[in-house]
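Since every read-out is calculated from the coordinates, none of them should be taken as a lab result. Owing to the predicted nature of the structure, the values given are computational and were not obtained by experimental measurement. Ideal geometry is used to build each Cβ from the backbone, glycine not excepted, and the neighbour counts take in all protein chains shown.
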Amino acid sequence: MSISRKDVEHVALLSRLEISEKEAGVYAKQLSEILSYMEKINELETSNIEPTAHVLPLNNVFREDKVEQSLAREEALKNTPDTEQGHVKVPKIV
Amino acid sequence: MGLYNYTIYELHEMLIKKETSSEELTRSIFQRIQKVDPYIRAYLTLAEEAALKSAKKIDKLLAAGDRVPPLAGIPMGLKDNICTSGIRTTCSSKMLENFIPPYNATVAGRLIENGAVLLGKLNMDEFAMGSSTENSRFFPTRNPWDLERVPGGSSGGSVAAVAAGEAIFTLGSDTGGSIRQPASFCGVVGMKPTYGRVSRYGLIAYASSLDQIGPITKDVTDCALVLNSIAGHDPLDSTSVDRDVPDYSSALVPEIKGLKIGIPQELFPEGMEKQVEELVRKAIEKLEEMGAVCEEVSLPHTPYALPAYYLVAPAEASSNLARYDGVRYGFRDKDAEDVVTMFMKTRSEGFGEEVKRRIMLGTYALSSGYYEAYYLKALKVRTLIRQDFDLVFKNYDVLVSPASPTVPFKFGEKSEDPLSMYKSDLCTIPINMAGLPAISVPCGFSEGLPVGLQFVGKPFDEETILRAAFAYEQNSGFHRPEPSLEVN
């Protein structure tokens, strides 16, 4: 498996990561090596095998629909980089 | 011998008999930290004032003659991906460098309710991604047995702190070996419980279907005591299992006559160090001498666990780490004029190299056109890996293997080659893929460096691996090894 610089740039954009041209070259080489090693799993025949996303037999877990104690707004916003009048503030979106 | 040399159960006795106080003990551990941490660098944050306050509270209870739980007054440290109310929790990342959680992780809350005294937060590979603690964005932690070598990872700070007497016990987290591999590297006991046994609420997520919190202690008796207080259902974690928690301490009977132990040949991988293999084989002979029945078994799909893991874990990580966008908490690049540029700059500066590598790997494995070939295929391989374990556990009670194929390596030895670093977890990753409990205990030294023996159990059968590990520990001659840390 060979990952090109262009593939890396595409994946970086999907991941919302800004990478330099030099980094793209390094990551292309490393990710190609890693993915070539991953190819090993193709030795296995799995067409009739169910996937395991989770080891436990999980069901949806619900709780009673009643109001419980939660964080006060002030507490919840304490770690927020920028706020205004009790809201989260971000740069221009459109 | 300093107070830092004692175990939880010994200190508990001493506290009850008033031979020491929690305050004296806590102060002495801070002195120890002051002395050795400039060399070890296990701690990211210390909480001395709050710790002394908690210690005094316990001393009052003791003075009044109240009965206190076994962990009361005992100084502990927590890995820095476990949220602690009012105490900075960084994940060793620039992204969370100034993050102060407004709540406690369930495990932190339970330990504090049990009277344990929180000393501070411990270094790790950034977002728990790594096997050497070299990926911390702040500084690497050193191995107390040899300061030129890594402590393992990703719970390197948690493990080095216990080995160096900078905490009586700590918690780590284990996604692919991050408790057991460093426990092996530093000569302490480290357990990853069954997936679902311990709440993950407040554990900053790396790969949610694999992450599990566990104890790091000086010996197996202490491990059971800590597990007693953190195990159990938590309504705040829908993947924690609602199932009775046994008293793990009563499992500690040094008797394994007739215990059926499987030795999976695939967990002795090609390229493992000869001395490590010899020490593990010697430990197996010891188990046989003690009356266990040891037989070679095969887990034919485990050689595929590592490649499958490095698709599944990064895929989950790429999704879990999407939340770090500079909007609600954590680092934000303040210069960007529009929001997309802000996301991109925030994430590029906030995350380190390995984290970015895994996010991209995971995004690739999940992206259109590759999802079936990589992610889905890896999940199917995971099924085959589980089935291997299910089959073997029909005839065996416990499996035994090395916890790491090597002794601790030197700084920089693997950090330039991601794949060689990944292979450091060859013996531990299959166990996470199957969600099983496992424990690493010291089984000897190769040229002065510790080697760990791994016991693997059936789902929710922590008791049997604790019993086997306890029996081994009591008879091995490697109970509580201590590094001769020569510092001025």
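Over all directions, the average projected area of the alpha-carbon convex hull for chain A comes to how many nm²?
On the way: hull surface 51.3 nm².
Average of the hull's projected areas for chain A equals 12.8 nm².
Dipole magnitude for the protein assembly as shown: about 900 debye, using +1 per Lys or Arg Cβ and -1 per Asp or Glu Cβ, origin at the Cα centre. Centre-to-centre, using Cα atoms only, the stretch B:259-295 and the stretch A:14-87 are separated by 37 Å.
At 7 Å along Cα-to-Cβ for each site, give me the label-to-label distance between B:VAL293 and B:ARG328 in nm. Result for the modelled spin labels: 5.4 nm. Dividing the summed helix terms, -39500 (n - 2.57) for each DSSP H run of n ≥ 4, by the number of residues in chain B produces a 222 nm estimate of -11500 deg cm²/dmol to the nearest 500.
For chain B, what proportion of DSSP beta bridges, expressed in % and rounded to the nearest 5, is antiparallel? Looking only at bridges with both residues in chain B, the antiparallel portion is about 65 percent. Of the GluC sites (Glu not before Pro) in the stretch B:12-41, the ones in a loop by DSSP (not H, G, I, E or B) with at most 12 other beta carbons within 10 Å are B:GLU19.
Among the listed pairs B:LYS17/B:LYS57; B:LYS218/B:LYS356; A:LYS78/B:LYS35; B:LYS94/B:LYS423, give every one whose C-alpha distance is greater than 23 Å. Could you put the intermediate results ahead of the total?
Details: B:LYS17/B:LYS57 17 Å; B:LYS218/B:LYS356 35 Å; A:LYS78/B:LYS35 35 Å; B:LYS94/B:LYS423 27 Å.
Result: B:LYS218/B:LYS356; A:LYS78/B:LYS35; B:LYS94/B:LYS423 exceed 23 Å.
Tilt of helix A:21-38 relative to the longest C-alpha principal axis of chain A, in degrees (0 to 90, nearest 10)? Its long axis makes an angle of about 70 degrees. Can you pull the mean other chain C-beta count within 10 Å for peptide B:100-106? Counting Cβ atoms of other protein chains within 10 Å of each residue's Cβ and averaging gives 2.
Counted by Cβ distance under 12 Å from B:GLY262, the other residues give a net charge of -2, where Lys and Arg count +1 and Asp and Glu count -1. Shape of the stretch B:336-480 from its Cα gyration tensor (a ≥ b ≥ c, root eigenvalues): rounded if a/c is under 1.5, otherwise prolate when a/b > b/c, or oblate? In terms of gyration-tensor shape, oblate. How high is the FRET efficiency between A:LEU44 and B:GLU19 when r is their beta carbon distance and R₀ equals 41 Å, given to the nearest 0.05? It comes to 0.10.
Within the straight-line cut-off of under 18 Å between alpha carbons, the lysines reachable from A:LYS92 are B:LYS334, B:LYS345, sequence neighbours fewer than 8 places apart in one chain being disregarded. Peptides B:39-51, B:218-230, B:149-161, ordered by how many other C-beta atoms sit within 10 Å of their residues on average, highest first, read B:149-161, B:218-230, B:39-51. Averaging the Cα positions of each part gives two centres, and for the stretch B:423-488 and the stretch B:100-133 these lie 22 Å apart.
Excluding B:ASP80 itself, what net charge comes from residues whose Cβ is under 9 Å from its Cβ, given Lys and Arg +1 and Asp and Glu -1?
On the way: positive: B:LYS79, B:ARG88, B:LYS121; negative: none.
Local charge sum for B:ASP80: +3.
Separation of the stretch B:147-197 and the stretch B:325-385, taken as the distance between their Cα centroids, equals 27 angstrom. Inter-chain Cβ neighbour count for B:358-368, averaged per residue, equals 5 (cutoff 10 Å, partner chain atoms only).
Among B:LYS345, A:LYS40, B:LYS17, rank each residue by its count of other Cβ atoms within 10 Å, from fewest to most, as a rough exposure measure. Mind dumping the intermediate values first?
Details: B:LYS345 19, A:LYS40 14, B:LYS17 8.
Ascending Cβ contact count within 10 Å gives the list B:LYS17, A:LYS40, B:LYS345.
Enumerate by residue number the GluC sites (Glu not before Pro) in the stretch B:367-455 meeting two conditions: DSSP loop (anything except H, G, I, E, B), and at most 16 other Cβ atoms within 10 Å of the site's Cβ. Here the sparse-neighbourhood loop sites are B:GLU413, B:GLU416, B:GLU447.
Filter the GluC sites (Glu not before Pro) in the stretch A:45-92 down to the DSSP loop ones having no more than 16 other Cβ atoms within 10 Å, then list what survives. List each step's numbers first, then the result.
Numbers: sites: A:GLU45, A:GLU64, A:GLU68, A:GLU74, A:GLU75, A:GLU84; in loops: A:GLU45, A:GLU64, A:GLU68.
Here the GluC sites (Glu not before Pro) that fit, given the DSSP loop and packing criteria, are A:GLU45, A:GLU64, A:GLU68.
For the stretch B:293-298, the Karplus equation 6.51 cos²θ - 1.76 cosθ + 1.60, evaluated at θ = phi - 60°, returns couplings of 9, 9, 9, 5, 10, 10 Hz by residue, with Gly and Pro reported as x.
Name the helices (complete DSSP H segments) of chain B with a Cα length along the long axis of 24 Å or more and a Kyte-Doolittle mean of at least -1.0, or state none.
On the way: long enough: B:22-40 (26 Å, -0.59).
Helices passing the filter in chain B: B:22-40.
Relative to the longest principal axis of the Cα atoms of chain A, the long axis of helix A:5-14 lies at roughly 20 degrees. Over chain B, what is the mean sequence separation of C-alpha contacts under 8 Å (at least six apart), divided by residue count, expressed as relative contact order in percent? Once normalised by length, the contact order is 18 percent.
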